[in-house]
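Notes for the one structure printed next.
The values are calculated or read from the model by the stated rules, or taken from the named source; none is laboratory data. On a predicted model such as this, the values are computed, not experimentally measured, just so you know. Cβ placement follows ideal geometry from the backbone for every residue including glycine, while neighbour counts extend to all protein chains displayed. Protein only, heavy atoms only, side chains kept; ligands, DNA and RNA dropped before computing areas. Shrake-Rupley method; radii C 1.70, N 1.55, O 1.52, S 1.80 Å.
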Amino acid sequence: MGPLVEYRDLALTIGDVPILRGVSFDVAAGEAVGLVGESGSGKSMTLRALARLLPDNASTTGEALFDGTDALALSRGRLRSHRRGLGMVFQDPRAAINPMHPVESFLVERARDTGSDLGAARTSAVTMLRRMGIHDPERRMAQYPFELSGGLLQRVMIASVLMERPRLLLADEPTTALDVTTQSDVLALAGDLRREAGTAMLLVTHDLDLAGAVCDRIVVMYGGQVLETASATDIASRPVHPYTRGLLASRPPLTRRLDTIPVVPGTPVSASATGPGCPFASRCPVAVERCATELPEERLIAGSRVRCHRAEEVVAGVLDAELPLREEEVR
Ligand SMILES: Nc1ncnc2c1ncn2[C@@H]1O[C@H](COP(=O)(O)OP(=O)(O)OP(=O)(O)O)[C@@H](O)[C@H]1O
Ligand code: SF4
Ligand SMILES: [Mg+2]
């Protein structure tokens with residue numbers, strides 16, 4: 001059996017602007033994969049390609065397969081049923097819930113789609129809300145969306161999607177609007193339900209710590225390309241790509257509050273502004289001449305799939321003095 005999700009050399013342009021290039025990675029059944037990178041790196045477009053939720057003037061080459069079917073090659077009619085196998089959660093739950101009906105009608109409708117009768121649908125909705133950390137779910141069900149905070153509504157949204165036990169959950173910054181401690185709580189509760197149902201997840205976030213806490217594997221994107229793919233543990237403990245090192249080092253320290261959050265020095269480049277070489281070359285502290293002209297091949301090094309000409313030197317530790325380290329690691 002192949003992977004549940006498979007991106008094969010996906011390239012995407014909008015109009016004539018390149019947005020994604022050579023995107024290849026997969027998600028196994030039941031696995032949680034985090035798609036991480038700075039703003040504009042192409043995370044959302046990559047996720048949306050799987051459901052072909054793309055701008056009208058987008059064109060693609062390569063494949064975005066879910067369960068062996070390429071969403072980018074389907075007729076409109078078949079695309080609709082293809083999307084039904086996917087659960088989707090986006091940043092703004094209000095855009096996805098009808099404001100004119102109480103929360104209950106939204107949830108019960110979803111539960112009935114799975115073939116439950118009204119009583120069973122109601123019971124299962126109440127159970128799911130409770131498991132998503134919502135107190136007094138019966139009262140909440142009778143309320144209208146405007147009466148619920150964004151955070152509560154997002155819990156409702158996630159409960160409703162997981163209630164259908166999809167094989168894959170596509171989640172694009174689902175908790176970014178919530179405060180930091182709530183974000184990890186909500187994702188942890190969703191993770192329990194997801195694992196019980198055997199639902200895989202593709203989670204888009206710019207927050208490497210959050211992705212590391214709830215995902216099995218991490219895919220790091222920059223300038224419309226995948227630069228590193230590795231297990232969440234390896235990314236946190238021994239990242240190979242200089243960009244991943246920069247992202248890790250730029251997280252705010254856990255031990256002390258900062259007035260400003262440090263960032264990877266320089267400004268992210270979009271896929272259209274990258275030259276023929278490594279997309280990170282203009283910001284990389286260890287770039288050498290060939291980096292600007294030669295695109296690094298993806299190679300498997302120390303357990304990471306990585307695109308960097310100097311990956312072996314990073315692993316050997318010889319570039320440590322030039323590469324950023326996280327504050328806690330500096331002694
Ligand atoms: N409808 C559109 N028309 C033209 N360009 C677009 C459109 N949507 C996105 N882009 C461009 O595509 C690139 C990738 O966008 P994408 O939304 O995938 O980035 P992202 O990694 O999700 O960023 P963010 O963290 O800000 O959500 C960006 O440079 C963006 O400006
Ligand atoms: S290929 Fe060169 S520019 Fe790109 S990350 Fe590696 S060392 Fe830096
Ligand atoms: Mg996005």
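Full extension of the chain segment joining Arg84 with Ser231 gains 50.0 nm, where the gain is 0.36 nm per residue of separation less the Cα-Cα distance. Per residue, the chain exposes 47 Å² of accessible surface when a 1.4 Å probe is rolled over the protein heavy atoms with every protein chain present. By the helix-only formula, in which each DSSP H run with n ≥ 4 contributes -39500 (n - 2.57) and the sum is divided by residues, the chain has a 222 nm mean residue ellipticity of -9500 deg cm²/dmol. Label sites at Val288 and Arg238, each approximated as a point 7 angstrom past Cα along Cα to Cβ, lie 2.2 nm apart. For the residues Thr175, Thr46, Thr127, a GNM of the chain with alpha-carbon springs under 10 Å puts the largest fluctuation on Thr127. In this label model, Asp67 and Phe146 are separated by 3.8 nm, measuring between points 7 Å along each Cα→Cβ vector.
If you run the Gaussian network model on the chain, springs between alpha carbon atoms under 10 Å, then out of Val306, Val288, Val89 the most flexible one is Val288. Need one word for the chain: rounded, prolate or oblate. Basis is the Cα gyration tensor (sqrt eigenvalues a ≥ b ≥ c); a/c below 1.5 gives rounded, then a/b vs b/c decides. Since a/c reaches 1.5 and a/b is larger than b/c, the shape of the chain is classed as prolate. Summing +1 for each Lys or Arg and -1 for each Asp or Glu among the other residues whose beta-carbon sits under 13 angstrom from that of His241 gives +2. Once the chain from Ser270 to Asp16 is taken as fully extended at 0.36 nm per residue, the excess over their C-alpha distance is 90.1 nm.
Full extension of the chain between Arg130 and Arg94 gives 10.9 nm of extra length, using 0.36 nm per residue less the Cα-Cα distance. Summary of packing: across the peptides 161-172, 49-60, 112-123, the per-residue average of other C-beta atoms within 10 Å ranks them, highest first, as 161-172, 49-60, 112-123.
Across the chain, C-alpha contacts under 8 Å between residues 6 or more apart give a mean separation that, scaled by the residue count, equals a relative contact order of 20 percent. Here the accessible area is traced with a 1.4 Å probe on the protein chains. For region 93-165, carbon and sulfur cover 53 percent of it. Helix 118-131 and the longest principal axis of the Cα set of the chain meet at an angle near 40°. Between amide H atoms placed 1.01 Å from N, distances below 5 Å from Ile19 occur with Leu12, Thr13, Ile14, all of them 5 or more places distant or on a separate chain.
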